[in-house]
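Enquirer: First, the structure itself, so that you have it in front of you.
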Amino acid sequence: MCGIVGYIGESQAAPVLLDGLSKLEYRGYDSAGIAVFDGEQIKVQKSTGRLKVLSELTHDGATMPGVSGIGHTRWATHGAPSNVNAHPHYNQTETIAVVHNGIIENYLKLRKYLEEKGYQFVSETDTEIVAHLLDRYYKGDPLEAITKVMHRVEGSYALGILFKEHPDQVFAVRKDSPLIVGRGKDGNLIASDVPAVLKYTRNVYFIQNEEIAVLTKESIAFYNVDGDELPKEATTIDWDINAAEKGGYEHFMLKEMYEQPQTVRDTLNPRIREGEVVIEELGMGETEIRAIHKIHIVACGSAYHAGVTAKYVFEGLARIPVEVDLASEFRYRNPILAEDDLVIIISQSGETADSLAALREAKQRGVKTLGIVNVVGSSIAREADQVMYTWAGPEIAVATTKAYSAQLVAQYLLAILFAKVRGEIIETEAAGLLQDLQKLPEQIEMLLGNKERIQRFANRYIAAKDVFFVGRGIDFAISMEGSLKLKEISYIHSEAYAAGELKHGTISLIEEGTLVAAVVTQEELYKKTISNIVELRSRGAFVLAVTNTGNREIEKAADYVIYIPQTNRYFTNSLAIIPLQLFSYYVSVGKGCDVDKPRNLAKSVTVE
């Protein structure tokens, strides 16, 4: 939700903090601030708006000397975006500074308690509670004060803390919100995500729940909530640092769309050996795979849409019944889980709060869990029984593209493996499926090469007020993701409907000139979906159709047709989504929207 960076070392802290925050701005961008100890006091500078405003105010950090500090980019939860509500927050005497990601659930109770003790609040945030609690409990030992605060605070939090009386230390605390520690050559860092530290180090420690990190220039120590020191080993991050930069592209989203062919290769190739699917990290033998009674796929947003696609693939190939749940609904509906079920949690960041809660619910009930995540060492990766990484590299744009594509192919591989082990497909069928999978990267490249035609079409709909996406079966799942892409980055009202449901009310929304994107990739459903297209056009809709090469019949029904290469019917989502991503991107660019940082959204939703 918000981005945290901290640094202590030989270099000036402010430029390092600003640089790190620039890599985390996708996590929050309604305000930003930094706190630096200048040798005498903790100086704070903050501003509303994007990080560049803060950079200009501080002359890229030059006006804030000091070698230790903390920084923050905010995505507001408590209190509107303002200078007062921006982080860092002080205690009353300005001797303690705090940055925070998460939500303090009992902050009203704690605020009342502190006000009764004489503390005065200047902001509407829940974070200021932490600064004043630290002040109340601090008696000279920062670690003791921090542990007491941890015992009082309920909710999720990642904290970066400075104490004026301990200028040679930076403190970090974590509970249910992501936070890492990096060991650099010239100093040590804390951050919400890996891209913020890649420039300085590849050696990263993952802070576990209810752990504290204490950083000096030369050392890093970890403690539990009781103050006991903990051993911890570093993880080496092998991401290419250039993957977290735009690399000449106008936007991260465009760059990441063009990285999809390589992302798909990276997810597929290590798991296809001598014509067989080999997923070593799955940790399930053939007996366990055959015993699976039902699969529950749990996710949010685009990851949920990838799960909806996977339902058709698992059920069609492996003949395993699948339920797909929004993570925010899963644990509150008291799901029926059996001992031989498998719960798959999908999350790019591996920190999505609702998905993590669903994982813990499943584990509490004794059900085997598998995380499909992109970020190594993330909470879901650590807590799931097994983890399958998508290896998409850092994804910076808020609207996912390459991570979504990687999630799809990871599940295709699982479905093929399960289908073969369970005897639902024979050797030759499996070989044909794998051949089609291995063609996907080249086919995606071909579709990306058709961007000019899609851009010209998108320019016609920059002023659209409503756009609808329709499809049947897997095509409905594609429509859901296409609709989400358009609404989240262009702010155009968009909805996805199962094409067969149009006559049950939704067709009343169609007016003269309304754009409808119809996805038609399932050959057995061509005729039915074409009938729906005819119905839509008869009511004034302009229909854009995305269909397979060779489906010439659709040209008589649709107004504009985009063709995708032939592939297995279960894999069409990986191709059909490409023109829909491009369409959304070019509409957003044409409207002048901030493609990478759409309003009101954040990349990693780490609070409910």
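Enquirer: Can you name the residue in region 526-536 that is among the aliphatic types (A, V, I, L, M) and out of contact with any strand residue (DSSP E or B) (no Cβ under 6 Å at 6 or more places or on another chain) and is also surrounded by the most Cβ atoms within 10 Å (Cβ to Cβ) among such residues?
Expert: Ile530
Enquirer: Are there any pairs with C-beta distances below 6 angstrom linking a residue in region 150-163 that is at positive phi to a residue that is open to solvent by less than 10 Å² (accessible area, probe 1.4 Å) and outside any helix (DSSP H, G or I), with the two at least 6 apart or on different chains, and if so which?
Expert: Between residues of region 150-163 that are at positive phi and residues that are open to solvent by less than 10 Å² (accessible area, probe 1.4 Å) and outside any helix (DSSP H, G or I), the close pairs are Gly155/Ile104.
Enquirer: Residue under question is Val308, and the condition is that it be touching a strand residue (DSSP E or B) at 6+ places or on another chain (Cβ under 7 Å) and within 24 Å of Ala477 (Cα to Cα); does it hold?
Expert: yes
Enquirer: Residues that are within 30 Å of Ile489 (Cα to Cα): list the helices (runs of 4 or more DSSP H) wholly contained in region 238-343 that include at least 1 such residues.
Expert: 252-258, 260-268, 301-313, 327-330
Enquirer: Which numbered condition trips up Thr127, out of (1) open to solvent by less than 40 Å² (accessible area, probe 1.4 Å); (2) over 28 Å from Gly350 (Cα atoms)?
Expert: Tallying (1) open to solvent by less than 40 Å² (accessible area, probe 1.4 Å); (2) over 28 Å from Gly350 (Cα atoms), Thr127 fails exactly one: (2).
Enquirer: Please work out which residue is farthest from Ile289 (Cα to Cα), limiting yourself to region 344-395 and to residues that are assigned to a strand (DSSP E or B) and of a type in the set (Val, Ile, Thr).
Expert: Selected residue: Val373.
Enquirer: So which residues in region 314-340 are over 22 Å from the mean Cα position of the chain (by Cα), more than 22 Å from Glu288 (Cβ to Cβ) and either open to solvent by less than 30 Å² (accessible area, probe 1.4 Å) or modelled with pLDDT of 90 or more (or both), if there are any at all?
Expert: Residues satisfying the conditions do not exist here.
Enquirer: Moving on. For region 200-215, check the following and say yes or no: at least one residue is closer than 30 Å to Ala338 by Cα, in contact with a Leu (Cβ under 9 Å, 6 or more places away or on another chain) and either open to solvent by 20 Å² or more (accessible area, probe 1.4 Å) or at pLDDT 90 or above (or both).
Expert: yes
Enquirer: Under the condition of being out of contact with any Leu (no Cβ under 7 Å at 6 or more places or on another chain) and of a type in the set (A, V, I, L, M, F, W, C), which residue from region 246-275 is surrounded by the fewest Cβ atoms within 10 Å (Cβ to Cβ)?
Expert: That would be Leu254.
Enquirer: Would you say Val398 is buried (at least 19 other Cβ atoms within 10 Å of the Cβ) and in contact with a Pro (Cβ under 8 Å, 6 or more places away or on another chain)?
Expert: yes
Enquirer: Regarding Gln443, is this residue free of Cβ contacts under 8 Å to residues at least 60 places away in the same chain, open to solvent by 10 Å² or more (accessible area, probe 1.4 Å) and in a helix (DSSP H, G or I)?
Expert: no
Enquirer: State all residues of region 507-530 that are outside any loop (DSSP other than H, G, I, E, B) and under 18 Å from Met480 (Cα atoms); if no residue qualifies, say none.
Expert: If the condition is that a residue be outside any loop (DSSP other than H, G, I, E, B) and under 18 Å from Met480 (Cα atoms), then Ile507, Leu509, Leu515, Val516, Ala517, Ala518, Val519, Val520, Leu525, Thr529 are the ones that fit.
Enquirer: Could you say which residue among Leu143, Leu110, Leu134 is at negative phi, touching a residue at least 40 places away in the same chain (Cβ under 8 Å) and open to solvent by 30 Å² or more (accessible area, probe 1.4 Å)?
Expert: Leu143
Enquirer: Search region 34-56 for residues that are of a type in the set (Asp, Glu) and pair each with any residue that is part of a strand (DSSP E or B) and open to solvent by 60 Å² or more (accessible area, probe 1.4 Å) when their beta-carbon atoms are under 6 Å apart and the residues are at least 6 apart or on different chains.
Expert: Final answer for the pair search is none.
Enquirer: Can you spot a residue in region 581-599 that is within 22 Å of Ala496 (Cα to Cα), at pLDDT below 90 and either assigned to a loop (DSSP other than H, G, I, E, B) or open to solvent by 10 Å² or more (accessible area, probe 1.4 Å) (or both)?
Expert: yes
Enquirer: Mind checking which pairs have a first residue in region 181-198 that is on the phi > 0 side of the Ramachandran plot and a second that is buried (at least 24 other Cβ atoms within 10 Å of the Cβ) and β-branched (Val, Ile, Thr), Cβ under 8 Å, 6 or more apart or different chains?
Expert: Gly187/Ile8; Gly187/Val16
Matching residues to (1) at positive phi; (2) surrounded by 22 or more Cβ atoms within 10 Å (Cβ to Cβ); (3) modelled with pLDDT under 95:
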{"residue": "Ala464", "(1), (2), (3)": "no, no, yes"}
{"residue": "Gly482", "(1), (2), (3)": "no, yes, no"}
{"residue": "Ala499", "(1), (2), (3)": "no, yes, yes"}
{"residue": "Leu509", "(1), (2), (3)": "no, no, yes"}
{"residue": "Thr521", "(1), (2), (3)": "no, yes, no"}
{"residue": "Glu524", "(1), (2), (3)": "no, no, yes"}
{"residue": "Ser538", "(1), (2), (3)": "no, no, yes"}
{"residue": "Asn551", "(1), (2), (3)": "no, no, yes"}
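Enquirer: Collect the residues in region 276-296 that are within 29 Å of Ala496 (Cα to Cα) and either in contact with a Lys or Arg (Cβ under 7 Å, 6 or more places away or on another chain) or open to solvent by 40 Å² or more (accessible area, probe 1.4 Å) (or both), keeping them in residue-number order.
Expert: Within region 276-296, just Lys294 meets the criteria.
Enquirer: A follow-up question, please. Using the structure shown, decide if Phe457 is within 24 Å of Glu511 (Cβ to Cβ), in contact with a strand residue (DSSP E or B) (Cβ under 6 Å, 6 or more places away or on another chain) and among the aromatic types (Phe, Trp, Tyr).
Expert: Taking the combined requirement at face value, the residue does not satisfy it.
Enquirer: Considering Gly118, Gly160, which residue is at pLDDT below 95 and not β-branched (Val, Ile, Thr)?
Expert: Selected residue: Gly118, the only one of Gly118, Gly160 that is at pLDDT below 95 and not β-branched (Val, Ile, Thr).
The values are calculated or read from the model by the stated rules, or taken from the named source; none is laboratory data. Note that the structure is predicted; figures quoted are calculated from it, not measured. Counting neighbours? That spans all protein chains shown, and the Cβs are built from the backbone with ideal geometry, glycine included. For accessibility, only protein heavy atoms count, side chains too; no ligands or nucleic acids. Shrake-Rupley method; radii C 1.70, N 1.55, O 1.52, S 1.80 Å.
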